[in-house]
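Chemist: This is the structure I have questions about; it appears just below.
The values are calculated or read from the model by the stated rules, or taken from the named source; none is laboratory data. Model, not experiment: these values are computed from the prediction. Cβ: placed from backbone, ideal geometry, glycine included. Neighbour counts: every protein chain shown.
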Amino acid sequence: MNEISITFNKDETKTFTSGITIAEAIKGFASKKQRKNIIAARCNGNAVDLATQLTNDADLEPIQGDSNEGLEILRHSTAHIMAQAVRELYGPNIKIAIGPSIEDGFYYDFDVEKPFSPDDFQNIEEKMAQIIAARHTFERKEMTREEAIDFFSQAGEDYKVELLNEMEFDTVSTYQQGDFTDLCRGPHIPDTTWLKSFKILRVAGAYWRGDENNAILQRLYGTAFFDKKALKKYLDRLEEAKKRDHRRLGKELGLFTIQEEIGPGLILWQPKGSLLRHLIEDYWKEQHYRNSYDLLYTPHIARQDLWKTSGHLDFYGENMYSAMEIDEVKYQLKPMNCPFHIGVYNSKKHSYREFPIRWCELGTVYRYERTGALHGLMRVRGFTQDDAHIFCRHDQLEDEIYNILDLNLHVLKTFGFADYDIYLSTRPEKYVGSDDNWELATEALRQALNKKGLAYELDPGEGVFYGPKIDIKIKDQLGRSWQCSTIQVDFNLPERFEMSYTGDDGAEHQPIMIHRALMGSLERFIGVLIEHYAGKFPLWMAPEQARIMNITDEQAEYSEKVYKNLRAAGVRVEKDLRNEKLNYKIREAQLMKVPYMLIIGTREMEDGKVTVRKSNGENLPPMSPDEFAQLIESEVRDNRV
């Protein structure tokens, strides 16, 4: 028999007989203890099952069960096991669609006569446990596309047949565990007993292939881990996330509301939410002014021709709202602010001496989102971008990116985000501009990250069509990642809008444009802040810093005087002068996450003071209203970077 050469972990090479499985080959390199955690492998860069036979020389890299890739394989396999359980419980009339792994879990879509309910979850989980105990192996089989179409047609799996009819491959793969077969690329766990800990979490409706013109399917969401402790930790985090849900807290704290009669995805900011937003916007403007940005304001609509020139109608047309006619000319709501900033630039001639030009805007944009995708502040139809565009020369690009990173991380730190992941996204398959410009921009991004001493991951091919980018994903108190900050280099729009400046050689040159957002969507960022702090904001951004409470009506007049004086001193203070028991007022203020309570009784009124109580129950010595105002000012100064 033929012999093949196998290199393990790019380190050790050995010779084996052709036809050996990956699992058997790994035995020649790794101890039994080491093999216990290997769930699959990469063969010449491709993820495959351990049962895969090797007939040619190969480079093998093990995929560990405790890695992100290993967890993804486990969860994908769990989706198959859940689909098998549903089929066995509900019979052949049920049709299965797709079941991928997703962040933190997996889902599977089903076409069923009767919708699932949470009451069904236990039955499905019990059936899954039986399937796991049977120790079914995941067996891969390849067949021609025509054979697969015939197989799934006979099984009545219309959704699989539809997918197969659109595939361009001549050969496809299926996986079978027990008597359940699914169309799948793989890889999977060696057998069902590798699944130790899983949970079905919820059910939701989902349009087939995300198209609202298609059938609504039942989507079962679940998660899986290799051990029970990890599952419990995740479920505990889910419970904590429910308590922090910004939609619930937004209503309870009087921050914002969404009303069907006004429109889904459109936010109504209530007084306290408006004040919170105002504080954030003021801080944002202050920081930009200190960093030599100039503020712009631009319209909400523009002639449709502008969006044709910018390319948004071609690339984002489906996310834009329909055109309206004004004086027989078509206008559209803006999905982006960029063309307006270019309009300001093109309103006059520019010299190389003016660069860099830094313009910023809190610009509200409008993008179409399907109703099913809307989610509180996180996914809306009208939102405000903390937008900025920098126009610079080629020799200034790296320094400008460094300066953006510096400001970006400073602002995130002030809001309480010091943990984040950074990604450098490079040229995609379809792109505009010269290779030289792409290389210049990518290297400038890379060098700025290195100069700043920031660790980052390369995200190959994930740049936007007009240039490479840096993405920063912040992590909240629960360790969840949120995409907020982005820095994008753009050669496309300067060319489309014929932007130019006069260089030191007297000739006309094209500037480089940098798109930049620190918080991204202001609505989404505030939603993240609400959940990060569970509604208990740092004092500097708390919409209500203190609440005055009288013990009896006798102190009402003095309480009003204290209220006016503190407001005049800039303290964000409210008053509760109702004829209620003090403990009731205190409890209500605590539920509203008010940092300080100012209690006024007869003694405080006679001494011209207030008794200060923190939301955690700690009491401070009595002090005058002026002293309390100084306390607030000092704490805000210390806690806002």
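Chemist: Given the condition touching a residue at least 24 places away in the same chain (Cβ under 8 Å), out of contact with any Lys or Arg (no Cβ under 8 Å at 6 or more places or on another chain), buried (at least 17 other Cβ atoms within 10 Å of the Cβ) and closer than 27 Å to D435 by Cβ, answer yes or no: does some residue in segment 518-530 qualify?
Modeler: no
Chemist: What are the residues in segment 337-354 that are touching a strand residue (DSSP E or B) at 6+ places or on another chain (Cβ under 6 Å) and either small (G, A, S) or in a loop (DSSP other than H, G, I, E, B) (or both), if any?
Modeler: Across segment 337-354, the qualifying residues are N337, H350, S351.
Chemist: When both residues are 6+ apart or on different chains and their Cβ atoms are under 6 Å apart, which pairs have a first residue that lies in segment 299-319 and is surrounded by 15 or more Cβ atoms within 10 Å (Cβ to Cβ), and a second that is in a helix (DSSP H, G or I) and at pLDDT 90 or above?
Modeler: Here the result reads L306/P339; T309/R496; S310/P339; L313/W307, each pair linking segment 299-319 to a residue that is in a helix (DSSP H, G or I) and at pLDDT 90 or above.
Chemist: Next question, about the same structure. Report the residue count in segment 54-76 for those that are in contact with a Leu (Cβ under 7 Å, 6 or more places away or on another chain) and more than 22 Å from F225 (Cα to Cα).
Modeler: 0
Chemist: Return the residue satisfying two criteria in turn: it lies in segment 178-226 and is β-branched (V, I, T) and surrounded by 17 or more Cβ atoms within 10 Å (Cβ to Cβ), and of such residues it is nearest to V48 (Cα to Cα).
Modeler: Selected residue: I189.
Chemist: Looking only at segment 415-428, decide whether some residue is under 18 Å from C360 (Cβ atoms) and in a helix (DSSP H, G or I).
Modeler: Within segment 415-428, none of the residues are under 18 Å from C360 (Cβ atoms) and in a helix (DSSP H, G or I).
Chemist: Checking the conditions here, which among F110, F198, F106 is in the same structural domain as Q84 (by TED's automatic domain parsing), closer than 15 Å to K95 by Cα, modelled with pLDDT of 95 or more and part of a strand (DSSP E or B)?
Modeler: When all the criteria are applied, what remains is F110.
Chemist: Among T193, T174, which is the only one that is part of a strand (DSSP E or B) and either over 24 Å from D66 (Cβ atoms) or more than 29 Å from the chain's Cα centre (by Cα) (or both)?
Modeler: T174
Chemist: Related question: Hey, can you tell me all the residues within segment 324-365 that are among the small types (G, A, S) and surrounded by fewer than 16 Cβ atoms within 10 Å (Cβ to Cβ)?
Modeler: G343, S347, S351
Chemist: Hey, another quick one. Could you grab me the full set of residues in segment 129-139 that are touching a strand residue (DSSP E or B) at 6+ places or on another chain (Cβ under 7 Å) and buried (at least 18 other Cβ atoms within 10 Å of the Cβ)?
Modeler: Listed by number, the residues that qualify are H136, F138.
Chemist: Here's a follow-up. In segment 142-153, is there at least one residue being surrounded by fewer than 13 Cβ atoms within 10 Å (Cβ to Cβ) and in contact (Cβ under 8 Å) with a residue 40 or more places away in the chain?
Modeler: no
Chemist: Hey, another quick one. Tell me, please, whether a residue that is part of a loop (DSSP other than H, G, I, E, B), more than 19 Å from R185 (Cα to Cα), in contact with an Asp or Glu (Cβ under 8 Å, 6 or more places away or on another chain) and assigned by TED's automatic domain parsing to the domain that holds A206 can be found in segment 87-100.
Modeler: So far as segment 87-100 goes, yes, one or more of its residues are part of a loop (DSSP other than H, G, I, E, B), more than 19 Å from R185 (Cα to Cα), in contact with an Asp or Glu (Cβ under 8 Å, 6 or more places away or on another chain) and assigned by TED's automatic domain parsing to the domain that holds A206.
Chemist: Still on this structure, I have one more. Condition first: basic (K, R) and either under 29 Å from S351 (Cβ atoms) or free of Cβ contacts under 8 Å to residues at least 40 places away in the same chain (or both). Now tell me which residues in segment 376-400 satisfy that.
Modeler: R393
Chemist: Taking only segment 257-296 into account, find how many residues are surrounded by 14 or more Cβ atoms within 10 Å (Cβ to Cβ) and on the phi > 0 side of the Ramachandran plot.
Modeler: Here the count works out to 1.
Chemist: Tally up the residues in segment 486-516 that are closer than 19 Å to H410 by Cβ and buried (at least 22 other Cβ atoms within 10 Å of the Cβ), please.
Modeler: Looking only at that region, the number is 3.
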